[in-house]
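Working notes, structure below.
The values are calculated or read from the model by the stated rules, or taken from the named source; none is laboratory data. Worth saying up front: this structure is predicted, and the values here are computed from it rather than measured. Neighbour counts run over all protein chains shown; Cβ positions are idealised from the backbone, glycine included. Surface accessibility is based on the protein's heavy atoms, side chains included, excluding ligands, DNA and RNA. Shrake-Rupley method; radii C 1.70, N 1.55, O 1.52, S 1.80 Å.
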Amino acid sequence: MLRLIKTSVEQKEQILAFLQEWYERDERIVPTSVDRETTDFEVYVNTLRQKELRENIEEGWVPSTTYWLTDGEELLGAVNIRHELNESLLKIGGHVGYGVKPSARGRGLATIQLQLALEKVKEFGIERALITCNRTNVASRQVILNNGGVADTPYTEEDGTIVERFWIDLKGGGRDDELDHHLFGAD
């Protein structure tokens, strides 16, 4: 059963393996919040957990919570949920950053991962979530659409990169039922 769990010291070997897979592929780790120095693993865990509390947040940043997608045996992906948006996150980043490790891609996990993340987003009292992706990231765009994303005006970065922006309404109940039917053939 897939679920999201918070970061803990007990996950050391799983997290190191997760990160190593990205490094070996020479890919940028997504979400970037998990790409940190791991030499002192307790500091790594504490750094991620402290970002949940407003009093620990540097100016220009917002509180965020990191979760790991697990099937109970291995970590398949990571999610960073921003508790609120600032001006920068309204353009790029939104409420949720997520990634599935390279060896776990192509199995529909990102769609389920985002669905689970949106349930967590609701717990923060957010009724409308902003999710973004680069226009060239066709897979992420489809994941967002699968979760009810409605396109908003794109944002163009200084280097010309176009960032697609999507809003997902979390107040209604229909999205989850439709997604469950799509993913699991539920009636």
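Just a few scattered comments:
- Per-pair calculated FRET efficiency, R0 = 22 Å: ARG49 and GLU27 via Cβ, rounded to 0.05: 0.30
- Rounded to 0.05, the FRET efficiency of the ASP169 and ALA17 pair, given R0 = 30 Å and the Cβ-Cβ distance, is 0.25.
- Answer label, with semi-axes √(5λ) of the Cα gyration tensor in Å calculated from the coordinates and candidates (1) 30, 28, 15; (2) 38, 18, 13; (3) 24, 20, 17: (3)
- Full-extension gain in nm, PHE41 to ASP71, via 0.36 nm per residue minus C-alpha separation: 8.6 nm
- Spin-label pair THR161/LEU85, simplified geometry with 7 Å Cα→Cβ offset, distance in nm: 1.9
- Heavy-atom surface of the chain, accessible at 1.4 Å and reported per residue (Å²): 55
- Rounded percent of accessible protein surface that carbon and sulfur make up, the chain, 1.4 Å probe: 46
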